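Here the structure is laid out as structure tokens; the discussion comes afterwards.
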Amino acid sequence: MTTRLPTEVPDGGWGWVIVLAAFLMSALVFGVIRSFGVFFVPFVEYFSEVSSSVSWITSMAVAVQQFFSPIASALSNYFGARPVVMMGAFLSSLGLMLACLATSLTHLYLSIGLLSGFGSA
């Protein structure tokens, strides 16, 4: 008895593209958050703030990301992965673009800490 193997890929051949996209997304999300140390000293000097105040930017981003990840998972189950990921990318990009216009540390808390953190969830 010969077992017949399927000749077509079940996902249409897009499986590895999705794996690559998920890898790039994870690398970018965690790379942006974890590489904040590069901007730490210039932020301390530019805003004339103590280092503990500046370190709250990254702490807020990680906390918001971890807190809203279950909510993002539930939204992904309800609406599907594509719109949730697209909205997350939009929010994360918007947060990073608004951070370029920051004139105070509070702006960075809101842009990087909240918007980018929520988009990264």
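Observations on the structure shown:
- Loop-located GluC sites (Glu not before Pro) in the stretch 1-100, at most 10 other Cβ atoms within 10 Å (DSSP): Glu8
- Overall size of the chain from C-alpha positions, given as principal axis extents largest first: 77, 28, 21 Å.
- For the chain, the solvent-accessible area of protein heavy atoms averages 72 Å² per residue (probe radius 1.4 Å; ligands and nucleic acids excluded).
- Gap separating the Cα centres of the stretch 58-82 and the stretch 1-45, nearest whole Å: 17
- In the chain, helical runs assigned H by DSSP with n ≥ 4 each contribute -39500 (n - 2.57); averaged across all residues and rounded to the nearest 500, the mean residue ellipticity at 222 nm is -23500 deg cm²/dmol.
- Highest-MSF residue in the chain out of Leu96, Leu20, Leu105 [GNM, Cα springs under 10 Å]: Leu20
- When Ile112, Ile18, Ile71 are compared by accessible area of protein heavy atoms, the largest-first order is Ile18, Ile71, Ile112, using a 1.4 Å probe.
- Helix runs (DSSP H) in the chain reaching 18 Å along axis by Cα, Kyte-Doolittle at least 1.0: 15-34, 81-99
- Across the chain, C-alpha contacts under 8 Å between residues 6 or more apart give a mean separation that, scaled by the residue count, equals a relative contact order of 28 percent.
The values are calculated or read from the model by the stated rules, or taken from the named source; none is laboratory data. If you're wondering where the values come from, they're calculated on a predicted model, not measured in any experiment. FYI the Cβ positions are ideal-geometry reconstructions off the backbone, even for glycines, and counts take in every protein chain you see. Calculation scope for accessible area: heavy atoms of the full protein, side chains included, ligands and nucleic acids excluded. Shrake-Rupley method; radii C 1.70, N 1.55, O 1.52, S 1.80 Å.
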